[in-house]
Amino acid sequence: MADTLVAGTAGNSASMVEEPLDLVRLSLDERIYVKLRGDRELRGRLHAYDQHLNMVLGDVEETITIVEVNEQTNTQSVNTVNRKVPMLFVRGDGVILVSPPSRSS
Amino acid sequence: MLFYSFFKTQVGQQVTVELKNDLAIQGTLESVDQFLNFKLKDISVVDEERYPHMISVKNCFIRGSVVRYVQLSPPTVDTALLQDAARREAQSTQQQQQQSKPPTAATNTTAIATATGSVS
């Protein structure tokens, strides 16, 4: 058991996951879902990232969620705005989470 | 340093910088530094009706920390090169971390030993 573990550690570093950012590395050239501050979400192909989670994404679809409260009727309405950007740099300080896209999208 | 190098390759290209206050500025990338501050020339604000304050501004400096997005033109971006560079960057930062770990522990032990030694 210990031997396999050691062998794993010495194995090729390209497919190994030992720190959280390795999961992001394995998403390179894959479509990913990024949740951002300010009720924004992105879906796009990951071309580059760094330790701050700055990223370059291709074929991006951005979804902005706007919740409006009507004070007279006291009801909430949720509106989403979608837009497409062919190539986008995203600054890492706005990133909340990175994940593979959900199957519905 | 990956994105600093990347943006240096984008100097001279048309970009749209979207700020955290929703202002979007289009212009030619003049220069970039390690904090990803940008200098743009020949700028125009994307939604001038909503943001008329900068109509007469031609050149500007943008502090990196207020940037949300930079929209780029796809033909100027070599995606295969970027992915390779990202993998190399990931590997090199990991190696730096591993190299810095063992000496830190060793230094601490010596520091404690020296401290106790000097007290007695």
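The values are calculated or read from the model by the stated rules, or taken from the named source; none is laboratory data. Since we're looking at a predicted model, the values are computed, not measured. Reconstructed Cβ throughout: ideal geometry from the backbone, glycine too, with neighbour counts over all protein chains shown.
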Exercise for the section: Test B:Q98 against the criterion of being within 19 Å of the chain's Cα centre (by Cα) and of a type in the set (S, T, N, Q), and give yes or no. Expected result: no
Practice task
Could you tell me which numbered condition B:V66 fails, if it satisfies all but one of (1) at pLDDT below 95; (2) surrounded by 11 or more Cβ atoms within 10 Å (Cβ to Cβ)?
Solution key: (1)
Handout entry: Which listed residue is exposed (fewer than 10 other Cβ atoms within 10 Å of the Cβ), at pLDDT 90 or above and out of contact with any Cys (no Cβ under 7 Å at 6 or more places or on another chain), from A:R37, A:R83
Key = A:R83
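Among the residues of the stretch A:13-25, which ones are among the hydrophobic types (A, V, I, L, M, F, W, C) and closer than 27 Å to A:I64 by Cα? Please lay out each step first, then the result.
So the first thing to find is which residues in the stretch A:13-25 are among the hydrophobic types (A, V, I, L, M, F, W, C), and the list is A:14, A:16-17, A:21, A:23-24.
Correct list: A:L21, A:L23, A:V24.
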Practice task
All but one of (1) in a strand (DSSP E or B); (2) within 21 Å of B:V77 (Cα to Cα) hold for A:V81, so report the exception by its number.
Solution key: (2)
Fill in the blank from the handout: the stretch B:1-53: strands (runs of 3 or more DSSP E) wholly inside it with 1 or more residues that are surrounded by 14 or more Cβ atoms within 10 Å (Cβ to Cβ), at pLDDT 95 or above and touching an Asp or Glu at 6+ places or on another chain (Cβ under 8 Å) are B:24-32, B:38-45
Exercise for the section: Evaluate the stretch B:65-72: report whether one residue or more is within 21 Å of A:Q51 (Cβ to Cβ), within 11 Å of another protein chain (Cβ to nearest Cβ) and part of a helix (DSSP H, G or I). Expected result: yes
